[in-house]
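Student: Here it is, the structure in full.
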Amino acid sequence: MFVGTKLKVVKAVLLATILFISSIGAHAVPVPPVPQRLVNDFAGILSSKEIHSLEQRLVAYDDTTSTQIAVVIVPDLEGMDAAQYATEIGEEWGVGSGESNNGVVVLVKPKNDNGSGEVFIAVGYGLEGAIPDARVKRIINNVMIPRFVENDYYGAIAGACEALIKLADGEEFEQYGNSGSGEVRFYLTIVITILILILLAKLSRKGGGGTSGNGPGGNTRHRPRMPYTHYGWGGNSGSRGGFGGFGGGSFGGGGAGGKW
């Protein structure tokens, strides 16, 4: 009789262990790929060119500041809350440096058969002062969700990363202060740049008879570069090499999210 009771206890412990392991497996966040990357599209919504462009930009920023912004796109949250999912990725992957805890996780779950679209930006301990929750919410509402609604996933994610970089660097991003103002600022910048180029061209023609040190009759005035916009970075981000891996950063629940 004692043996039978002991056997029942063993079976109960085994069953509880199996259920516990199963629950962990059902709610486990994805493991980082090998080699590790900052842009991780497990849902397959970005093109290889878009992934490459984002990766270059974020690797270059990591190289110069040690701040790591990890983009993670998943087809399903596996029943988890988006905030918990993003925070666990930051913790388990160790996004950011272990000394500064300067990591950010941009989690995106596209709108699909598994439900509505969701986004959450988790901010590491060391960046919570520079990137407060209220600013993150503005980025999500004014930069990301309007583009998600239009299925412009790359534009939404690239714009958010640029805004996060500005905040982490102590800059403002007033062009995202209200819905639609970023678009106005973008087109206004283009118009101003065109006017500057026209003015420089007229000045160049007036002084065209002179010579410069680079050739007969040449004018070596450089046209100003077209300013960067929040839509993307193009093909060359100045990265010094590939991503060296996550640094063991910690997260404490800072950030904000949204749905569409």
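Read-outs throughout are calculated quantities, based only on the coordinates presented, and are distinct from any laboratory measurement. In this text, all values refer to a predicted model and were calculated from it rather than measured experimentally. Glycine also receives a Cβ, built like all others from the backbone with ideal geometry; neighbour counts cover every protein chain displayed.
Student: By how many nm would the segment from residue 31 to residue 92 lengthen if fully extended, with 0.36 nm per residue of separation less the alpha-carbon distance?
Tutor: Stretched fully, the residue 31-residue 92 segment lengthens by 21.1 nm.
Student: When 42, 243, 120 are ordered from fewest to most other Cβ atoms inside 10 Å of their Cβ, what list results?
Tutor: 42, 243, 120
Student: Restricted to Cα positions, what overall size does the stretch 76-160 have along the principal axes? Three whole-Å values, descending.
Tutor: If we take the Cα atoms of the stretch 76-160, the spans are 39, 27, 19 Å.
Student: Report, in listed order, any pair from 49/137; 111/137; 109/259; 49/259; 49/166 with a Cα-Cα distance greater than 21 Å.
Tutor: Where the Cα-Cα span goes over 21 Å, the pairs concerned are 49/137; 49/259; 49/166.
Student: Tell me, in nm to one decimal, what length is gained between residue 259 and residue 99 on full extension, where the rule is 0.36 nm per residue of separation less the Cα-Cα distance?
Tutor: 54.3 nm
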